[in-house]
Amino acid sequence: MNKEIKNLNENVKSEDNFLHFLMTQCLGIRRWALLVSLILYTAFAVMDVIKFPSEIYSLTLTTRLILVVLPLIYLNIVYWYYPPLSIRSNSLIMLMVYVGSGLNHTFIYYLSEVYTFQFSELGLVLILMFGCLLLIIAIKPAVVATAIILSVFSVVNFHLNHQIADLIFMLIILLFVSGICLTINLLGQKMLYQNYLLINRLYNESITDGLTKLHNKRSFQEEIERLNAIATRDNATLGLILIDADNFKTINDTFGHDVGDDVLVKLSEVIETKCRRAEDIGFRIGGDEFALILYGISSEKLEQTCFDMVLTVATLNLKNSGKDVKTALSIGAVLKSANAKVSSDNLVKIADEYLYEAKENGRNQYYLKTFQ
């Protein structure tokens, strides 16, 4: 159950990471799309004043301001000065701007027909391109929003008793434009997702030990610094355990390197069982040297973890050709208390000193220190 929960947390984290990656890749496009849209819509509002009588532009300016201009001003401030981490941030507001601009265009189009003044339908094409492509909205919500806009546009044309053939022709053009934009949007997001998977796979390979599948030394150096900084910032505890396999050279010399590799895999499985949360990370940092970082752990839980690993490995039933393969663990551990200020290098140094004491004083045991 704990492993399933951890896998679920990792899947959620992976999705969040992709949404952040997508945001970083598309931030420039979204910024300029919002800025250009605000400029164009402001220009359209000015043209309303020039072209329409006062009783008409008083209506159109109000709807433009409420439905589109004010939300666009807010979105421009957010994306230019406080860019969000996820591509899904502000999705509802952007959908409202898209639908609002489409419905407002149809409203002004209706007024133009009733009061018999010219109004270009080209604006609806630009709005569809804006919503289906440039905003980089998720495909399903974009399709629903587009369907709403085109449905209202069709109903208005029916109400105005326009020719069915003309309406069908116009809808075909609009659907064609929408379809192309949505297809480009979808293909672009899929391509970025494939790039993300490739980058993620290459990165994971670079931080993963090939034999044990634990994180490697490079990852350890990154994670101990990162998690220590977070723990210091959030006044949280941080547990670090350094682990050494006792008499491992003897196992290699007696049984061969293949058996030695099997032992390392078994030890890594013991360590992995202690990684129940996304913040618990196991590492292989050398030949027979391992590490375990436990974020937000209590002193009692850290000591229990050390005890359990020593006991579990001491009682492992490993055999090769009918012969027992015996190994044990020496452990040095340190707990950074919630209010302590200590560098990651010092944490590693303290844990390493206690690991040395465990080995010097008989092996198959743990030494633990709490850093206040």
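The values are calculated or read from the model by the stated rules, or taken from the named source; none is laboratory data. Given the structure is predicted, the values throughout are model-derived calculations rather than measurements. No Cβ is skipped: glycine too gets one built from the backbone with ideal geometry, and neighbour counts run over all protein chains shown. Just the protein is used for accessible areas: all its heavy atoms, side chains included, with ligands, DNA and RNA removed. Shrake-Rupley method; radii C 1.70, N 1.55, O 1.52, S 1.80 Å.
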Please enumerate the residues belonging to the stretch 316-372 that are closer than 17 Å to Glu289 by Cβ, touching a helix residue (DSSP H, G or I) at 6+ places or on another chain (Cβ under 8 Å) and open to solvent by 30 Å² or more (accessible area, probe 1.4 Å). Val348, Asn364, Gln365, Tyr366, Tyr367
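I'm trying to understand the selection: among the residues of the stretch 218-245, which are surrounded by fewer than 19 Cβ atoms within 10 Å (Cβ to Cβ) and assigned to a helix (DSSP H, G or I)?
Those that are surrounded by fewer than 19 Cβ atoms within 10 Å (Cβ to Cβ) and assigned to a helix (DSSP H, G or I): Arg218, Gln221, Glu222, Glu225, Arg226, Ala229, Ile230, Thr232, Arg233, Asp234.
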Filter the stretch 218-246 down to residues that are touching a Lys or Arg at 6+ places or on another chain (Cβ under 8 Å) and of a type in the set (D, E, K, R), then give me how many there are. 2
Which of (1) crowded, with 19+ Cβ neighbours inside 10 Å; (2) modelled with pLDDT under 90; (3) within 22 Å of Phe153 (Cβ to Cβ) does Thr60 not meet, given it meets every other one? (2)
So if I check each of Leu67, Leu92, Leu111, Leu85, which one is over 25 Å from the mean Cα position of the chain (by Cα), open to solvent by 60 Å² or more (accessible area, probe 1.4 Å) and of a type outside the set (Ser, Thr, Tyr)? Leu67
Does Gln163 fit the bill of being within 34 Å of the chain's Cα centre (by Cα), over 22 Å from Ile93 (Cβ atoms) and loosely packed, with under 12 Cβ neighbours inside 10 Å? no
Of the conditions (1) open to solvent by less than 20 Å² (accessible area, probe 1.4 Å); (2) more than 18 Å from Val68 (Cβ to Cβ); (3) of a type in the set (A, V, I, L, M, F, W, C); (4) assigned to a helix (DSSP H, G or I), Val143 clears all except one; give me its number. (1)
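Being over 20 Å from Cys306 (Cβ atoms) and either touching a residue at least 12 places away in the same chain (Cβ under 8 Å) or polar (S, T, N, Q) (or both) is the filter here, so list the residues in the stretch 230-241 that pass it. Walk me through how you get there before you give the answer.
Filtering the stretch 230-241 down to residues over 20 Å from Cys306 (Cβ atoms) leaves 230, 232-235.
Answer for the stretch 230-241, where residues must be over 20 Å from Cys306 (Cβ atoms) and either touching a residue at least 12 places away in the same chain (Cβ under 8 Å) or polar (S, T, N, Q) (or both): Ile230, Thr232, Asn235.
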Can you spot a residue in the stretch 206-217 that is modelled with pLDDT under 90 and in a helix (DSSP H, G or I)? yes
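For the subset of the stretch 66-121 comprising residues that are polar (S, T, N, Q), part of a helix (DSSP H, G or I) and within 26 Å of Val156 (Cα to Cα), which member is modelled with the lowest pLDDT? Show your work before the answer.
As a first pass, look at the stretch 66-121 and keep what is polar (S, T, N, Q): 76, 86, 89-91, 101, 104, 106, 112, 116, 118, 120.
Then drop every residue that is not part of a helix (DSSP H, G or I), which leaves 76, 91, 101, 104, 106, 112.
Applying the additional criterion that residues be within 26 Å of Val156 (Cα to Cα) yields 101, 104, 106, 112.
On the way: Ser101: 94, Asn104: 93, Thr106: 93, Ser112: 87.
Applying the filter and picking the extreme gives Ser112.
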Some residue of the stretch 150-162 being under 28 Å from Thr42 (Cα atoms), in contact (Cβ under 8 Å) with a residue 60 or more places away in the chain and not polar (S, T, N, Q): no
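One line per residue, one yes/no per condition, for (1) surrounded by 14 or more Cβ atoms within 10 Å (Cβ to Cβ); (2) at pLDDT 90 or above:
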| residue | (1), (2) |
| --- | --- |
| Asn247 | yes, no |
| Thr254 | no, no |
| Val270 | yes, yes |
| Gly287 | no, no |
